[in-house]
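Working notes, beginning with the structure itself.
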Amino acid sequence: MRMSDPYSIDPDRTRSVPPQARSGGRALRVLLWGLLAVSIAVNVAASLAAGDGVSFLGLGAGVVAIGCVTGLVLQHFGRRRP
């Protein structure tokens, strides 16, 4: 009796992803990383300029940074092979 091994590689079950499908989001990744760097810099500058007060520019930059990080994480996990 042959036992099935869940860790074996079955050539019939493997999926082949074309290279162009895997690298399609490269421009978006570069844009998200650039926007993240700019939003962090704006957030730091606004926080330093505001002192103890609240800077709405800093809050907006923080929201943009959170959005960029979320987009990068989603794209990272979306590219992973199952």
task = Using the 2.2 N^0.38 Å rule of thumb for compact globular proteins, work out how the range 21-82 stacks up: its C-alpha Rg over that value, please.
result = 1.38
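Which order do the peptides 35-46, 50-61 take when ranked by the mean count of other beta-carbon atoms within 10 Å per residue, highest first?
Descending packing order for the listed peptides: 35-46, 50-61.
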query = If you plug each phi of the range 61-74 into the Karplus form 6.51 cos²θ - 1.76 cosθ + 1.60 with θ = phi - 60°, what whole-Hz ³J(HN,Hα) values come out, in order, with x for Gly and Pro?
reply = 5, x, 5, 5, 4, 4, x, 5, 4, 4, x, 5, 5, 4
ask   = For the range 24-82, what relative contact order do you get, as a whole percent, if you take Cα pairs closer than 8 Å and at least 6 residues apart?
value = 42
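The numbers here are math on the coordinates, done by the rules we state, and not lab data. All values reported here derive from a predicted model rather than from experimental measurement. So basically every Cβ, Gly included, is an ideal-geometry build from the backbone, and we count neighbours across all protein chains shown.
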